[in-house]
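J.: Dropping a structure here in structure tokens format, bear with me for questions.
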Amino acid sequence: MAKSKFTTLDSLSFQGIDEDAELIPLMTPEDEEEIDKEDLPEILPILPLRNTVLFPGVVIPITAGRDKSIKLLNEANNGNKTIGVVSQKEEGIENPSLKDINRVGVVARILRVLKMPDGNTTVILQGKKRFHIDEVVEEVPYIKAKVREVPEARPAKENKEFSAIIDSIKDLALEIIKESPTIPSEASFAIKNIESNSFLINFVSSNLNLPVEEKQKLLEINDLKKRALATLKYMNVEFQKLELKNVIQSKVQHDMSQQQREYFLHQQMKTIQEELGGVSHEDEIEEMRVRSKDKKWDEKVKKHFDKELSKMQRMNPQVAEYSIQRNYLDLFLDLPWNEFSTDKFDLKRAMKILDRDHYGLDEVKRRIIEYLAVLKLRNDMKSPILCLYGPPGVGKTSLGKSIAEALGREYVRISLGGLRDEAEIRGHRKTYIGAMPGRIIQSLKKAGTSNPVFVLDEIDKLSVGNQGDPSSALLEVLDPEQNSEFHDNFLEMGFDLSKVMFIATSNSLATIQPALRDRMEVINVTGYTIEEKIEIAKQHLLPKQLEEHGLDKSHIKIGKQQLEKIVEGYTRESGVRGLEKQIAKMVRYAAKNIAMEEEYNVKITNEDIVEVLGAPKLERDKYENNDVAGVVTGLAWTSVGGDILFIESILSKGKGNLTITGNLGKVMKESATIAMEYIKANATELGINPDIFETYNVHIHVPEGATPKDGPSAGVTMLTSLVSLFTQRKVKKSLAMTGEITLRGKVLPVGGIKEKILAAKRAHIKEILLCEDNRRDINEIKEEYLKGLKFHYVKDMEDVLKLAITNTKVKNAKKL
């Protein structure tokens, strides 16, 4: 028997049909008598059923999805609630006619019509008596037919044979319910409580696990005794099948070994996966084998892959190692083995792209063009390892994108800032849970080619942790002589990185491991001049911010003079990141006024800048005056570019002590000590009374004590400050200087010259004093950067003092 549907609305609610349905009792003999007395309508609307047969007295839920059926049910539910129900000969026919339906059906009464959430209509029907279709009178909007009643031949109550058949049906039904795991035990209560013999036969027939054709044959048997015998026959067959199934299942379960059980479960899982649209174990392996045929790997890699694939084929898919092995082979198939993008060797086009995206940076552009030229001539050159070194915001990272576009290569970038695990570079070994390849191999998989432009951002910010030193792991990656066989722990094979163009970026070289720095070609990306910043703002920053804020150039116009005011008064940097933020504020000012429909100046004035950005914040960096003895302007290099700093010194009554303040490092303190000792040793030549050193204390201070300062470039500045202090003479106006000194009186060259020159221009310095050996650095700087500056080159301290100290006494000079 199929799962019992019961014959009460409370049992239907058990199936999820209607939780609030009222209780309808099982059909009794008295009910049958009343139904027999009812007259059959001459014409009935006919409801065809696809996959079931309704028997007299049985209550069943029917789901109607066809428009005709829904219309029929709605109209009948609003009328006398009586319809004719017949079964279709073929389930797949969507619009059945008379020839497609069986002629014998059952008159049914509609008990309840329910609207389901999926849009279908579920109707609960109770069969009454059988009928025969004689003639169809209408087919639109649904079938209506003339019908006649088909009476049943019922045996007499005293018929012992019929009573025995009924008892057998009851007993066998209870046995089937007991043995079948799919029929709820509650169904036995329904069987025991049925009083009507004909209803028992119909109820059991309705629930038999039979095809529609066999159930229809049962329905068409007029003699109730013959129908009962046929029903009992089907029940016996079903019971025998059920017993045999249980015996076989028990035997198989008893005899099945663990290995056989696993195989059976795997086969079930395979079938379930296929049903759900998944891929089985064998299909997955075959797919990998097919994909491997298209790979361009050499014989060594192919042999290794085939070996690992065979290993996976022997694995149980349920073990943890299986997923790791599958990920491993997927990585092999996804990596671009010997797949290269075609380089574009149009050098003029490449130069146009670099010029379009970046203003200035001529040295970097020249080096890139040189690389392209050599690659074009040889076509087998190993890619160089470039390190773009400079302050933040000068465009180091974005250069990588432009280089990739100029070469026609894929662009990949990983940030190394704060990286402290060696496995991030080399990957994890497969034996670990959660093992995965390193970021180098992952990025190449993402790029899809073996020769992308690979930007290693913030290489100076690598850390060292308990899991190893990532800097050391990068030594193999960034060595052109070794990276043709880069070994990733997860991959377990060498991968050729020699065609990858690595570009590292760094703000400081001091924190890069020396061995790693030695493998890279360092290109100094210096800061921008005021003129360059103005052009960058016009060509790049302002259009970018307008686009990001949904405006166009007609909404706001910032002139060259106003851009210069923003650069000088509101930014203190070598790059343009801070400048972009200030321009964004101006654009937001326009966007706000447009959105609020308020008037504003489309052409920005100086007053608008002060209103939006506030008063200028950085004019204190400009050169002030030379009216105070002991105050000298120096030039310094910082991590954010060049800067100016003031060295101040003062005398006070004491015993010749030297005090140094301003959060200075060891090198600058040593420079101050050297300058002081040099002056003491050469006091007579410098026109200084030696007794001063015994009667006055000297205090040297560098303002902005909250900022740490150090470096070998303040020696000449401190010397000049002290001599100016001891002689009470003015320092030359609009002069700045940089350089280190020795006790022998020599001036030593220093670095960061271009950044310092740019800082001097920002501070409106007119003259700069440098070591003679720094002349070559000045010759490498473009003339337009040097416009308005005069340079003095010195070899020893005497030259410094002759050029820096005037013969004019300061106001209110002390008598020492």
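The values are calculated or read from the model by the stated rules, or taken from the named source; none is laboratory data. From a predicted model like this one, the values you see are computed outputs, not experimental measurements. Methodologically, a virtual Cβ is constructed for each residue, glycine included, from the backbone with ideal geometry; neighbour enumeration extends over all protein chains shown.
J.: Can you pull out every residue in region 130-161 that is crowded, with 18+ Cβ neighbours inside 10 Å and either in a helix (DSSP H, G or I) or under 60 Å from the mean Cα position of the chain (by Cα) (or both)?
T.: TYR142, ILE143, listed by residue number.
J.: When you scan region 1-107 for strands (runs of 3 or more DSSP E) that lie fully inside it, which ones turn up with 2 or more residues that are at pLDDT 85 or above and closer than 21 Å to SER188 by Cα? Step through it out loud before you land on a result.
T.: On the way: elements: 43-49, 59-64, 82-87.
Answer list for region 1-107: 59-64.
Yes or no, residue by residue, for (1) assigned by TED's automatic domain parsing to the domain that holds LEU361; (2) within 17 Å of SER574 (Cβ to Cβ); (3) modelled with pLDDT under 90; (4) assigned to a strand (DSSP E or B):
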residue: LYS756; (1), (2), (3), (4): no, yes, yes, no
residue: HIS764; (1), (2), (3), (4): no, no, yes, no
residue: ASP773; (1), (2), (3), (4): no, no, no, no
residue: ILE778; (1), (2), (3), (4): no, no, yes, no
residue: GLY788; (1), (2), (3), (4): no, no, yes, no
residue: LYS814; (1), (2), (3), (4): no, no, yes, no
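J.: Say we look at region 522-532 and pick out the residues that are under 34 Å from the mean Cα position of the chain (by Cα) and modelled with pLDDT under 85; which of these is farthest from VAL464 (Cα to Cα)? Step through it out loud before you land on a result.
T.: So in region 522-532, the residues under 34 Å from the mean Cα position of the chain (by Cα) come out as 522-527.
Next cut, modelled with pLDDT under 85 only: 524-527.
Values: ASN524: 26, VAL525: 27, THR526: 28, GLY527: 30 Å.
Ranking the candidates gives GLY527 first.
J.: Identify the residue in region 630-645 that is of a type outside the set (Ser, Thr, Tyr) and not in a strand (DSSP E or B) and, among all such residues, is nearest to GLY390 (Cα to Cα). So that I can check it myself, show each step before the final result.
T.: Step one: list which residues in region 630-645 are of a type outside the set (Ser, Thr, Tyr), which gives 630-632, 634-637, 640-645.
So of that shortlist, the ones also not in a strand (DSSP E or B) come out as 630-631, 640.
Numbers: GLY630: 33, VAL631: 30, VAL640: 8 Å.
Among residues in region 630-645 that are of a type outside the set (Ser, Thr, Tyr) and not in a strand (DSSP E or B), the one nearest to GLY390 (Cα to Cα) is VAL640.
One line per residue, one yes/no per condition, for (1) acidic (Asp, Glu); (2) assigned to a helix (DSSP H, G or I):
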| position | (1), (2) |
| --- | --- |
| VAL301 | no, yes |
| ASP306 | yes, yes |
| ASP330 | yes, yes |
| VAL374 | no, yes |
| PRO392 | no, no |
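J.: Would you please name the residue that is surrounded by the fewest Cβ atoms within 10 Å (Cβ to Cβ), looking only at residues in region 441-477 that are part of a strand (DSSP E or B) and under 25 Å from the mean Cα position of the chain (by Cα)?
T.: ASP457
J.: Still on this structure, I have one more. Please go through region 384-397 and give me each residue that is farther than 17 Å from TYR371 by Cα and out of contact with any helix residue (DSSP H, G or I) (no Cβ under 7 Å at 6 or more places or on another chain), ordered by number. Walk me through it before giving the result.
T.: At the first step, the residues of region 384-397 found to be farther than 17 Å from TYR371 by Cα are 389-397.
Passing the criteria: TYR389, PRO391, VAL394, GLY395, LYS396, THR397.
J.: Testing SER168 on (1) in a helix (DSSP H, G or I); (2) at pLDDT below 80; (3) not acidic (Asp, Glu), one condition comes back false. Which one is that?
T.: Among (1) in a helix (DSSP H, G or I); (2) at pLDDT below 80; (3) not acidic (Asp, Glu), SER168 violates only (2).
J.: Test of understanding: among THR633, THR605, which residue is closer than 30 Å to TYR696 by Cα and either surrounded by fewer than 16 Cβ atoms within 10 Å (Cβ to Cβ) or modelled with pLDDT of 85 or more (or both)?
T.: On inspection, the qualifying residue turns out to be THR633.
J.: Could you grab me the full set of residues in region 348-373 that are among the hydrophobic types (A, V, I, L, M, F, W, C) and either surrounded by fewer than 14 Cβ atoms within 10 Å (Cβ to Cβ) or at pLDDT below 85 (or both)? So that I can check it myself, show each step before the final result.
T.: Quick first cut of region 348-373, residues among the hydrophobic types (A, V, I, L, M, F, W, C) only: 350-351, 353-354, 361, 364, 368-369, 372-373.
Across region 348-373, the qualifying residues are LEU361, VAL364, ILE368, LEU372, ALA373.
J.: Another one. Out of region 520-578, which residues are assigned to a loop (DSSP other than H, G, I, E, B) and farther than 30 Å from ARG367 by Cα?
T.: Residues of region 520-578 assigned to a loop (DSSP other than H, G, I, E, B): 520, 525-529, 549-556, 558-559, 571-576.
Selection gives HIS549, GLY550, LEU551, ASP552, LYS553, SER554, HIS555, ILE556, ILE558, GLY559.
J.: Going by the structure shown, is ALA681 closer than 19 Å to LYS802 by Cα, surrounded by fewer than 14 Cβ atoms within 10 Å (Cβ to Cβ) and not hydroxyl-bearing (Ser, Thr, Tyr)?
T.: Numbers: closer than 19 Å to LYS802 by Cα: yes; surrounded by fewer than 14 Cβ atoms within 10 Å (Cβ to Cβ): yes; not hydroxyl-bearing (Ser, Thr, Tyr): yes.
Criteria met by ALA681.
J.: Next question. Here is a list: THR511, THR505. Which entry is at pLDDT 80 or above, of a type in the set (Ser, Thr, Tyr) and not in a loop (DSSP other than H, G, I, E, B)?
T.: THR505
J.: Quick one: is PHE345 within 30 Å of ILE536 (Cα to Cα) and surrounded by 13 or more Cβ atoms within 10 Å (Cβ to Cβ)?
T.: Details: within 30 Å of ILE536 (Cα to Cα): yes; surrounded by 13 or more Cβ atoms within 10 Å (Cβ to Cβ): yes.
Yes; evaluated as a whole, the condition is true for this residue.
J.: Another question, then. Count, please, the residues in region 649-691 that happen to be among the charged types (D, E, K, R) and in contact (Cβ under 8 Å) with a residue 24 or more places away in the chain. Spell out the reasoning first.
T.: Step one: of region 649-691, the residues among the charged types (D, E, K, R) are 653, 655, 666, 669-670, 677, 680, 685, 691.
Checking the rest, the ones that are also in contact (Cβ under 8 Å) with a residue 24 or more places away in the chain come to 653, 655, 666, 677.
Total meeting the criteria: 4.
J.: Considering only residues that are part of a helix (DSSP H, G or I) and out of contact with any Asp or Glu (no Cβ under 9 Å at 6 or more places or on another chain), look in region 178-196 and name the one that is farthest from LYS128 (Cα to Cα). Spell out the reasoning first.
T.: Restricting attention to region 178-196, the residues satisfying the condition of being part of a helix (DSSP H, G or I) are 178-179, 187-192.
Restricting the remaining residues to those that are out of contact with any Asp or Glu (no Cβ under 9 Å at 6 or more places or on another chain) gives 178, 187-192.
Numbers: LYS178: 30, ALA187: 22, SER188: 23, PHE189: 23, ALA190: 19, ILE191: 19, LYS192: 22 Å.
Step by step, filter region 178-196, then rank; the result is LYS178.
J.: With the requirement that a residue be more than 20 Å from ILE530 (Cα to Cα) and either at pLDDT below 85 or β-branched (Val, Ile, Thr) (or both), what does region 548-585 give you?
T.: As a first pass, look at region 548-585 and keep what is more than 20 Å from ILE530 (Cα to Cα): 548-556.
Answer for region 548-585, where residues must be more than 20 Å from ILE530 (Cα to Cα) and either at pLDDT below 85 or β-branched (Val, Ile, Thr) (or both): just ILE556.
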